[in-house]
Every structure is written in C-alpha cells, then in structure tokens.
Amino acid sequence: MDGVEVHFRVHRWDRPGPRLSLIAVVDERVAAAARGMQDVLAGAPVSVIPPEWLHVTAVTLGPVDEIVPETYRAWRAVVGAGVAAAAWEPLVLGAARAGRTGVSVGLSGGAEAVTAAGHLARDTASRLGIPVAGPVPASPHLGLAYVREDHPALQLPAPPSPPERVSWPVRALLVVHLEQDVDAGIYRWSVVDELPVDTVAHQ
C-alpha cells in the first residue's frame, strides 16, 4: 500500500483526556530487539516509540472520567479473574509490517490470550455501562513507530525480523490511563492496576 497518513489524525480520539486501557509491556530483551528493528526507520517521517512506551494493546475503553469507582471495581473483578484463569504462553515477535499510519510487529504464541482478554474486558465493560472506544484489535501487535507526516506516494520500509526467536512471558496485564501525546507522536500512560497472570501457565 502506497501513501502514509498521520497516525494521530486518523486515530485521534473524539475528545482529549485519558482512556482506560488494558495493555502488556515488554521486557529488556524485547525492547532491545525492537530498537534493532527501528533502526531501519531512520529518516522516515515517523515517531519512533521509546522503549518505555512499547506496549501491546488488548483493548482501549472509554474516557476515565466517565467511569465511577464502583463500576471499575466490578469490571476489575470479572476481568482479573478471567485473566488469571487463562492459559498464557509467552508472546513471540513475528514479522514487521509497514501500514498506512505506522509500523508494527506481529505476535504469536500467547497472542490469542491477549485477544481473549481484550474481548472479556470489552464485553464486561459494555455489560456494566462503561463506554468503549472501539473494537478489540484483530491481531495483537507491538507498535514500533507512528507516522507523523502525510506522504501520498511514500511506502515505509518494513524492518527485518530479529535474527533469533524473541519471546517474553506476560506476567501481568496492566490497567492504565492511556493518553495520546499528539505533540510527541506517541501514546503514554500511568498504571492504575495490575491483573496478574498465572505463572504456572507459562511452564
């Protein structure tokens, strides 16, 4: 697909402010592999995601200021129990892909568990009256960079895959207040809760 568009125009939320989101973060080995893949993007019109903001999104829900504490606690109880009971495998980095608004890396291994957690979180939110921002990502992925400038005829390079298999165990999913930092061209967050993953399921 030729042509790229600014990520935070195409995917801009309908109003500013943090949203409740469920994410997984990476370990140092994955961050190092991501840096190696990001090197090919030098000079491209993108915002490369710093290591501390690399993440895999399970789902993003509605604005934080529309969620009352009692409803959040009910949501957390259901989703936390489901996440803890799931059979989790390590996430494995796959092939990188360059899209119209960014560059990301596909995932395998425990990717299905991430998707299932996203659906549980979204369905529970809908049942409890918590607003939702959009669908669960069809294919969990690790973002590497977001497009900052429109270029109608440009195709971003797809970074090469890591030379060795890179995987990491998800020890917990983080409940965060996710924000779009449009000026920096990245997503930032503050952690408000952790949903532990049963480590026995990793063995």
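The values are calculated or read from the model by the stated rules, or taken from the named source; none is laboratory data. This is a predicted model, so every value here is computed, not measured. Please note: Cβ atoms are built from the backbone with ideal geometry, for glycine as well, and neighbour counts cover all protein chains shown.
List of remarks:
- Number of residues in the stretch 8-23 that are at pLDDT 95 or above and of a type outside the set (S, T, N, Q): the value is 5.
- Filter pass, Val166 being in contact (Cβ under 8 Å) with a residue 40 or more places away in the chain and under 16 Å from Glu89 (Cα atoms): yes
- Here Ala121 passes the criteria (1) assigned to a loop (DSSP other than H, G, I, E, B); (2) at pLDDT 95 or above except the one numbered (1).
- For the stretch 1-12, the criterion of being more than 17 Å from Asp150 (Cα to Cα) and out of contact with any helix residue (DSSP H, G or I) (no Cβ under 9 Å at 6 or more places or on another chain) is satisfied by no residue at all.
- Filtering the stretch 96-147 to residues that are over 15 Å from the mean Cα position of the chain (by Cα) and more than 19 Å from Val4 (Cβ to Cβ) leaves Gly109, Leu120, Asp123, Thr124, Ala125, Ser126, Arg127, Leu128, Gly129, Ile130, Pro131, Val132.
- For the stretch 146-184, the set of residues classified as small (Gly, Ala, Ser), within 30 Å of Ile67 (Cα to Cα) and not in a loop (DSSP other than H, G, I, E, B) consists of Ala172 only.
- When residues of the stretch 185-203 are limited to those that are out of contact with any helix residue (DSSP H, G or I) (no Cβ under 7 Å at 6 or more places or on another chain) and either modelled with pLDDT under 95 or part of a loop (DSSP other than H, G, I, E, B) (or both), the one surrounded by the most Cβ atoms within 10 Å (Cβ to Cβ): Ala201
- Across the stretch 135-149, the qualifying residues are those that are of a type outside the set (D, E, K, R) and farther than 13 Å from Glu112 by Cβ, and the one among them that is surrounded by the fewest Cβ atoms within 10 Å (Cβ to Cβ) is Pro135.
- Any hit, the stretch 46-58, residues being touching a helix residue (DSSP H, G or I) at 6+ places or on another chain (Cβ under 7 Å), among the polar types (S, T, N, Q) and farther than 20 Å from Pro162 by Cα: no
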